[in-house]
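The values are calculated or read from the model by the stated rules, or taken from the named source; none is laboratory data. As the structure is a computational prediction, the values presented were derived from the model and not from experiment. Cβ placement follows ideal geometry from the backbone for every residue including glycine, while neighbour counts extend to all protein chains displayed. In case anyone asks, the SASA skips ligands and DNA or RNA and just uses the protein heavy atoms, side chains included. Shrake-Rupley method; radii C 1.70, N 1.55, O 1.52, S 1.80 Å.
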Amino acid sequence: MNRKRVATNASDKLVVNANDGVSFEGEIESLTPISNAKNRRFHSEIEKMFVELSEQQKSLRCLLENLPAGVILVDSEFRILGGNRTYFRFYSEKALPLGERLDKALPNAEESGLMRLLRHARENSKSIRVRNFRYDGFAKGPRYWSGSIVHLKIPSENGPINAMAVLALDVSEDVNARNRLKELAELAEKRAGEIEMERSRLITLLEAVPVPLLVYDADLNVELYNSAAKQLYEYDAFSPKCTCSLFDGSGNRIKPNNYPLVRSLRGETCSDEIIHWRSPESGVSTFLVNSVPLRDSDDSITGVVVAATDITEQELARKRLQEIYQREHYIADKLQRSFVPYELPEISGFEIAQHYLPALDEELVGGDFYDVFTLGEGQYGVVMADVSGKGLKAAVYTAMTKYMLRAYALRESKPAGVLMRLNAALASCTPPEVFVTLTYAVVDEKIHRLTYANAGHEQPIFYSHIAGFATTLDVTGPALGLLGEANYLEHEISLSAGDIVLFYTDGVTDAGHGCDRLGHEAVLAIIEDHANESVRDICDHILERAAKLSGGKLSDDAAMLLIKTKGKEKI
């Protein structure tokens with residue numbers, strides 16, 4: 001063994017090189033209260049000890065240096081005598097200073113309990129086995145080691161030296177792995193308990209729901225169902241595996257690949273679909289079916305939930321109501337058609353066009369009506385009205401309004417007076433929710449004069465041929481039937497050749513969707529642009545624009561009466 005003594009004072013270094021190439025290097029510091037002379041003797045003894053060990057036990061030294069366990073050697077005063085390469089690699093960031101007390105060189109050696117173990121081994125002169133000992137003194141973080149603290153005597157020229165060797169095998173990875181496995185096991189157990197609790201809650205919830213609920217897996221097998229779905233489960237009612245056929249709300253047979261369950265398995269959410277299913281026991285049943293796909297954390301579809309509400313009784317009731325409605329609709333439609341004059345009386349010096357277009361998307365007949373009738377002595381009554389409500393009820397009040405107005409008009413020459421009488425009558429014999437908007441005008445064919453009163457109805461449009469522009473006529477009183485007593489004003493208009501008066505309901509100006517509606521301004525513009533055309537053509541232009549804005553389907557009935565003065569001179 002080659003050795004090199006560099007210095008002997010407190011700051012010198014001792015380097016011992018073994019023939020096998022293993023080296024130890026450590027700072028030798030003064031040990032208070034040991035004197036410098038004693039310190040030098042101590043260093044000399046350590047040097048001799050390693051020389052003797054190296055020369056006499058080279059094989060043992062080689063084995064020690066290549067052990068997977070870290071080894072650190074201390075004397076009876078816990079001063080560091082040395083250590084192997086494994087210790088320095090795994091347990092320390094730098095070489096331990098030879099001669100320094102272990103509790104001074106290793107941080108937290110006392111707090112971790114290492115020094116307590118060393119004292120116990122020294123006092124009892126016996127070895128101690130250590131298992132999974134935790135040491136928190138290194139910057140790398142907590143480390144775990146298993147091994148022994150061996151009490152031994154090291155031979156030297158001056159007699160044996162009491163010493164202890166700490167053999168520490170790093171088991172940090174094993175301990176950490178076991179801890180992680182334990183944590184994972186506890187977490188899995190906890191999660192399993194939570195899942196079981198969630199399952200119990202889900203089952204309790206499913207049982208509390210009166211609607212049949214079924215949960216299918218990706219292979220269309222029923223995984224879970226509630227009591228309400230027992231019969232459906234037994235027959236696998238909504239699965240392609242069922243031998244029964246399913247039909248949609250229109251009575252068309254549904255192909256298996258278009259079942260709501262199958263479509264949801266492809267990712268589709270099916271809402272409120274009417275399904276007719278023939279049960280082997282109870283015959284045809286009707287269900288309102290909703291199905292949604294179940295997805296895992298990776299957004300993959302793992303199954304489907306189906307909710308099926310039995311609406312068989314409701315469907316039968318709906319059909320009965322539909323039959324009643326059809327009868328009511330037929331009666332109301334007949335009544336409504338009777339309110340629209342088949343032929344209008346001819347008024348000398350005037351052209352008249354009528355047009356009525358019922359709403360295509362309304363289930364019930366509306367309350368729009370118009371009328372033109374003779375008053376005698378060259379005068380004619382003109383009516384445009386809208387009764388609130390729909391269906392047979394509205395038709396009844398429409399008939400009442402039409403014929404009551406005719407009766408009052410034959411006794412009262414003034415439109416304002418007629419509306420006052422009609423309002424009082426309607427207020428006394430109709431329910432609060434029923435009211436009527438109505439314009440009543442008297443046309444005198446002899447003097448070409450129009451006198452009108454307006455009870456909350458759409459403003460008639462007057463086009464002056466001489467002025468070349470159209471304007472709206474005022475409303476002169478409230479809607480009929482709202483107030484027991486109401487006053488109405490009336491206005492007179494002298495008509496010249498080419499003048500036009502348009503009476504209409506709100507189905508004309510409200511045609512369209514949202515903010516894009518026909519409106520009064522557009523009607524005024526159409527009349528101004530086509531004033532020289534026939535009354536029929538002018539009506540067609542207005543209805544064509546209304547239908548275009550509505551996509552071909554009016555949301556309300558549309559009625560029009562258009563009167564145009566003939567001739568070229570004012571009479």
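Quick notes
- Modelled spin-label separation between His520 and Ser413, with each label point placed 7 Å from Cα along the Cα-to-Cβ direction: 3.1 nm.
- Relative packing of 540-548, 297-305, 481-489, which averages over residues the other C-beta atoms within 10 Å, highest first: 540-548, 481-489, 297-305
- In a simple Cβ point-charge model (Lys, Arg +1; Asp, Glu -1; nothing else charged), the range 501-542 has a dipole of about 100 debye relative to its Cα centre.
- Heavy-atom surface of the range 376-502, accessible at 1.4 Å and reported per residue (Å²): 40 Å²
- Rh by Kirkwood over Cα pairs, then Stokes-Einstein D for the range 495-550 at 1.306 mPa s and 10 °C, µm²/s: 135 µm²/s
- Heavy-atom surface analysis with a 1.4 Å probe gives the range 443-571 a carbon and sulfur content of 49 percent of its accessible area.
- Pairwise alpha-carbon distances in the range 257-297 exceed 16 Å for 45% of all pairs.
- When its C-alpha radius of gyration is set against 2.2 N^0.38 Å (N residues), the range 409-514 gives a value of 1.17.
- Calculated diffusion of the range 463-505, Stokes-Einstein form, Kirkwood radius summed over Cα pairs, 4 °C and 1.567 mPa s, µm²/s: 101 µm²/s
- Each peptide in 123-131, 258-266 gets a packing score, the mean of other Cβ atoms within 10 Å over its residues, and the list from highest to lowest is 258-266, 123-131.
- Rg/Rh for the range 350-478, where both radii come from Cα atoms and Rh is the Kirkwood radius: 0.98
- Cα pair distances exceeding 13 angstrom across the range 204-248, given as percent: 55 percent
- Comparing Leu410, Phe435, Thr451 along the charge dipole axis of the range 410-492, the residue lying farthest to the positive side is Leu410, per the Cβ-charge model.
- Note on the range 418-470: semi-axes of the ellipsoid equivalent to its C-alpha gyration tensor, largest first and rounded to whole Å, are 30, 15, 5.
- Relative packing of peptides 74-82, 149-157 - highest average C-beta neighbours within 10 Å first: 74-82, 149-157
- HN-Hα J in Hz across the range 435-443 - Karplus 6.51, -1.76, 1.60, θ = phi - 60°, x for Gly and Pro: 8, 9, 9, 7, 10, 10, 10, 10, 9
- Cα-based shape type of the range 177-225, given that a ≥ b ≥ c are square roots of the gyration tensor eigenvalues and the cut on a/c is 1.5: oblate
- Just so you know, the averaged projected area of the alpha carbon convex hull for the range 143-282 sits at 15.5 nm².
- Here the ratio of the Cα radius of gyration of the range 69-191 to 2.2 N^0.38 Å is 1.20.
- Cα gyration tensor, the range 472-569 - rounded (a/c under 1.5), prolate or oblate: oblate
- Cα-Cα over 20 Å, subset of Lys126/Lys153; Lys390/Lys564; Lys402/Lys548; Lys390/Lys414: Lys390/Lys564; Lys402/Lys548; Lys390/Lys414
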